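K.L.:
Before I ask anything, here is the structure I am working with.
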Amino acid sequence: MSGYTGPALGARIGVDVGGTFTDLVLHDAAKNITRTGKLLTTPDDPSRAITEGVARILREAGLTPADVHSIVHGTTLVTNTVIERTGARVGLLTTAGFRDSLEIGREIRYDLYDLFLEPPPTLVPRHLRREVPERMAFDGEELLPLDEAALLREAAELVAEGVEAMAISFLHSYRNPAHERRAGEVLRAAHPAMPLTLSSAVAPEIREYERTSTACANAYVQPRMQRYLTKLEADLRATGFTGALYVMLSAGGIASLREAKEFPIRLIESGPAAGAMAAAFIARLAGLDAVVSYDMGGTTAKMCLVENGAPDHKYDFEAGRVRRFAKGSGLPLKVSVVDMIEIGAGGGSIARVDPGSGLMKVGPRSAGAVPGPVCYGRGGTEPTVTDADLLLGRLDPAHFLGGEMALDQGLVQRAVEQGVAAALGLGVAETALGISRIVDETMAAATRMHLAEKGRDPRRYTLIAFGGAGPVHACNLARLLKMKRVVVPLGAGVASALGFLVAPPATDAVRSLVGRLERLDYAAINALYAEMRAECEALLLEAGAARGAILYTPVAEMRHVGQGFEIPVPLPALELGPQHLSTLRHNFFHAYRARFSRVVEEAPIEALTWRLSAAAPAVHISLRREPSGAPASRGHRAVRFEGHGEVQAAILDRYALAPGQAFVGPALVEERESTCVVPPGAACHIDENLNLVIELP
């Protein structure tokens, strides 16, 4: 626990707010207490489910709010705001002549052959984009001073137009941010209550369109996130909580509330990142160096490649795509994120018959938490994946959420029989199996594509499955991907919330400075790294890291001169000099070969962007617990498996299983928040960390 100033002084709680459920994990190392919780999300006010869940999990653990050292939270609020276009009215102030950069974009059509192509909608309409006379050269030299009078005049007109937030993006401000910073000072003095985003602060990188898009997106979500985080903190304080509230960043680190309020766009993948961090933690404990993280919740399924104990990362992201799988159809953002694929396939994904083709479709539309699947009895009328799993015998209607929430099987039977089954002319059981098969094939196809783009063969990987619906579908998904091993951790239904507790305090910084390797300005580069190191250290100390415990990882983005895009290349030191030239070339060729399977040694190389990742050591959490002592067997239940028909499956209590025990499927391993389905012929044993390790035939 050396990475924090004092987490051993009290309990820590991780909270994951999903589209359907809010998951919680409490861990108190000093008292050796671990508790989990799951309750329906409250979409009208997500903070309500958080405060209710925290209060309940503390009662179950016999603790009070004053015993809690910190709460780490992740949310999909930023993503939903961008996708649903429910953000603030934003005004953009930009260099004279560059008002239309947002609409010009990259001048690339994401579908060359669609005559009625729908372009990605801009977050800032043209009449709210205003020009200011000023100009910096590409090398940072001032060509035209900032016209402060024009700046104030344009800002006043935007305020009169009713803007709720402003973004400033001046040409070449990544190289010299002086004009943006001065503009920020002037506007904060004139409009102190107005949320303001500087592109040189949120994304100080080369490429005007992407930097401007990121600044506008940050301003777009900032007012809503500031209100949400302020209210959440106040609600928690009202319960007696006096500890620290942190948030998960898209890159998998945790940060302070101040950083989250200033740069909320860095939370765009906040919730999903926690699952990848949990999978990385589980993989390290199990000694697995090549796994695919599979997190299937109520609304979506997330897949992430985890190698050598760490999830893949990337430094750009597209949000709010017009077409989910069409690159270039969304808003480009320059943010560091865990590299994963997200699929509209969850327990709440709705099954329907397409009127044009007459074929059954499943997802991406979801029943969410309200009204939820039909079996919840909360007003849902369209059958979902969870409803199909119930009809197939995979879920116990009396044991869902540990018996806390009863499922209505009769209601589902009627809904499927009168709806999808009638339209297809099939029986209820065949329809339910079809729903399950379609959602599994959808996830398998997306996972194959994701791995193929990285040059990976899924057969070489182990699937780590979690989320409320993940263990139900894991073995069939692995079979479709030709994987041979599935690992399901204890508490799989809330493993994403565990990710918040095992993630380190971490952040990153970036600067752009273009130069050929043979002519690098090492003094300027080292000055940038000194600046980034100070910036990261300040943020991490605020997020609870201990001074002196922070690990820094420098990376440069390089390319051959004339190429359109660059690749990340690890650097040999934080301070670079001419003696590192051969190492820089070697590292570039190694990264280039891994990506493209070839190198071109005679072509000149240039570096564009310099990055620094900073992280404190993560807190280690032991997942071991003593078996309950109750009999593991709960009898048998009829379950329908593809290729096997209806068979009698053993029902096992997850909490009664001990390390070293083994069994052969068909079996259902039930715990409070999820059920693991072990198909016929699969061999399962419990390892020393209480993971279910399933070897498929």
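K.L.:
For segment 616-697, state which GluC sites (Glu not before Pro) are in a DSSP loop and have at most 14 other beta carbons lying within 10 Å of their beta carbon.
P.N.:
Within segment 616-697, the qualifying GluC sites (Glu not before Pro) (loop, at most 14 other Cβ atoms within 10 Å) are Glu642, Glu688.
K.L.:
Return the inverse of the average 1/r over all pairs of distinct C-alpha atoms in segment 349-437, which is the Kirkwood hydrodynamic radius, in Å to one decimal.
P.N.:
Result for segment 349-437, one decimal place: 12.8 Å.
K.L.:
Within a Cβ distance under 12 Å of Glu164, other residues only, what is the Lys/Arg minus Asp/Glu net charge?
P.N.:
Taking every Cβ under 12 Å from that of Glu164, the sum is +2.
K.L.:
How would segment 89-194 be classified by its alpha-carbon gyration tensor: rounded, prolate or oblate, with rounded meaning a/c under 1.5 and the a/b versus b/c comparison settling the rest?
P.N.:
Values: a/c = 2.72, a/b = 1.42, b/c = 1.91.
Oblate.
K.L.:
Test of the criteria: in segment 618-683, which trypsin sites (Lys or Arg not before Pro) are in a DSSP loop and have at most 13 other Cβ atoms within 10 angstrom of their Cβ?
P.N.:
Passing sites in segment 618-683 are Arg624, Arg625.
K.L.:
On to the next question. Under 1.5 on a/c is rounded, so check that first for segment 304-359, then, if it is not, pick prolate when a/b is larger than b/c and oblate when it is not; a ≥ b ≥ c are the square roots of the alpha carbon gyration tensor eigenvalues.
P.N.:
Details: a/c = 3.45, a/b = 1.67, b/c = 2.07.
Oblate is the answer for segment 304-359, as a/c is 1.5 or above yet b/c matches or exceeds a/b.
K.L.:
Test of understanding: given the chain, find the longest segment containing no chymotrypsin sites (Phe, Trp or Tyr not before Pro) that are in a DSSP loop and have at most 15 other Cβ atoms within 10 Å.
P.N.:
Within the chain, the longest run free of exposed chymotrypsin sites (Phe, Trp or Tyr not before Pro) spans 326-564.
K.L.:
Among Gly564, Val600, Cys536, whose Cα projects farthest towards the positive end of the dipole of the chain, with charges put on the beta-carbon of Lys, Arg (+1) and Asp, Glu (-1)?
P.N.:
Val600
K.L.:
Cβ neighbours within 10 Å, averaged per peptide: list 143-149, 268-274, 349-355 in order, most packed at the top.
P.N.:
Output ranking for 143-149, 268-274, 349-355: 268-274, 349-355, 143-149.
K.L.:
When only C-alpha pairs under 8 Å and at least 6 residues apart count, what is the relative contact order of segment 89-194, in percent?
P.N.:
Taking the mean separation of contacting Cα pairs over the length of segment 89-194, I get 36 percent.
K.L.:
A follow-up question, please. In debye to the nearest 20, how big a dipole does segment 506-615 give about its Cα centre with +1 on each Lys and Arg Cβ and -1 on each Asp and Glu Cβ?
P.N.:
The dipole magnitude comes to about 320 debye.
K.L.:
In debye, nearest 20: dipole of segment 89-194 around its Cα centre with unit charges on the Cβ of K, R (+) and D, E (-)?
P.N.:
Values: 13 positive and 19 negative charges, 39 e Å.
For this selection, approximately 180 debye.
K.L.:
Continuing with the same structure: Take Ser293, Ser357 and order them by how many other Cβ atoms sit within 10 Å, fewest up front.
P.N.:
Fewest-to-most Cβ neighbours within 10 Å comes out as Ser357, Ser293.
K.L.:
Given H placed on each backbone N at 1.01 Å, which residues far from Arg365 in sequence or on other chains put an amide H within less than 5 Å of it?
P.N.:
Here the answer is Ile350, since their amide H atoms fall under 5 Å of that of Arg365.
K.L.:
Which angle from 0 to 90°, rounded to the nearest 10, does the C-alpha axis of helix 178-190 make with the longest principal axis of the chain?
P.N.:
Its long axis makes an angle of about 80 degrees.
K.L.:
In degrees between 0 and 90, to the nearest 10, how far off the longest principal axis of the chain does helix 46-61 point, with axes built from Cα atoms?
P.N.:
50 degrees
K.L.:
Listing Thr553, Thr95 from the residue with the fewest other Cβ atoms within 10 Å to the one with the most, what is the order?
P.N.:
With the fewest neighbours first, Thr553, Thr95 line up as Thr553, Thr95.
K.L.:
What is the antiparallel percent of DSSP beta bridges lying wholly in segment 89-194, to the nearest 5?
P.N.:
20 percent
K.L.:
Distance between Cα centroids, segment 522-581 to segment 452-497: provide it in whole Å.
P.N.:
34 Å
K.L.:
Put +1 on the Cβ of every Lys and Arg and -1 on every Asp and Glu Cβ in the chain; which of Thr212, Val322, Leu152 then has its Cα farthest towards the positive end of the dipole?
P.N.:
Farthest towards the positive end: Val322.
K.L.:
Among the GluC sites (Glu not before Pro) in segment 399-488, which ones are in a DSSP loop with at most 16 other Cβ atoms within 10 Å of the Cβ? Mind listing them?
P.N.:
Those that pass, being in a loop and sparsely packed, are Glu404.
K.L.:
Let me know the number of lysine pairs in the chain closer than 26 Å at the Cα, not counting same-chain pairs under 8 apart.
P.N.:
22
K.L.:
Output the 0 to 90 degree angle, nearest 10, between the alpha-carbon long axis of helix 522-542 and the longest principal axis computed from the alpha carbons of the chain.
P.N.:
Long axis of 522-542 versus the principal axis of the chain: about 50 degrees.
K.L.:
Please state the charge dipole magnitude for the chain, taken about the Cα centre, from unit charges on C-beta atoms (+1 on K and R, -1 on D and E), reported in debye and rounded to the nearest 20.
P.N.:
Magnitude of the dipole: close to 760 debye.
K.L.:
Report the convex hull volume per residue for segment 187-293, counting only C-alpha atoms, in Å³.
P.N.:
143 Å³
K.L.:
Hey, another quick one. What's the whole-number percent of alpha carbon pairs in segment 222-270 lying beyond 15 angstrom? Working shown, then result.
P.N.:
Values: 499 of 1176 pairs.
Summing the P(r) of segment 222-270 above 15 Å gives 42 percent of all pairs.
K.L.:
Moving on to the next point. Considering only C-alpha atoms, what is the centroid distance from segment 20-63 to segment 151-220, in Å?
P.N.:
Their Cα centres are 38 Å away from one another.
K.L.:
Indicate, rounded to the nearest 5 percent, the antiparallel portion of the DSSP beta bridges found entirely in the chain.
P.N.:
70 percent
K.L.:
Show the residues, 5+ positions off or on another chain, whose built amide H is closer than 5 Å to the amide H of Leu481.
P.N.:
Under 5 Å from the amide H of Leu481: no residue qualifies.
K.L.:
Report the one residue of Thr36, His313, Leu333 whose Cα lies farthest in the direction of the positive end of the charge dipole of the chain (charges on C-beta: Lys and Arg +1, Asp and Glu -1; origin at the Cα centre).
P.N.:
Thr36
K.L.:
When a footprinting reagent is the concern and you count Cβ atoms within 10 Å, what order do Arg129, Arg85 take, fewest first?
P.N.:
Values: Arg129 25, Arg85 10.
Going from least to most buried by this count: Arg85, Arg129.
K.L.:
Right, another one. With the Cα gyration tensor of the chain giving a ≥ b ≥ c as the square roots of its eigenvalues, does the rule (a/c under 1.5 for rounded; else a/b larger than b/c for prolate; else oblate) give rounded, prolate or oblate?
P.N.:
Because a/c hits 1.5 or more and a/b exceeds b/c, the chain counts as prolate.
K.L.:
If every alpha-carbon in segment 37-83 counts as one equal scatterer, what log10 I(q)/I(0) does Debye give at q = 0.13, 0.16, 0.22 1/Å?
P.N.:
-0.37, -0.53, -0.85
K.L.:
Averaging sequence separations of C-alpha pairs under 8 Å and six or more residues apart, then dividing by the length of the chain, give the relative contact order as a whole percent.
P.N.:
The normalised contact order for the chain reaches 13 percent.
K.L.:
Follow-up question, since we're still on this one. Expressed as a rounded percentage, what relative contact order does segment 436-562 have, with Cα pairs under 8 Å and six or more residues apart?
P.N.:
18 percent.
No lab work stands behind these numbers, since they all come straight from the coordinates. For clarity, every value in this text was computed on a predicted model and none was experimentally measured. Heads up, the Cβs are rebuilt from the backbone with ideal geometry, glycines too, and the neighbour counts pull from every protein chain shown.
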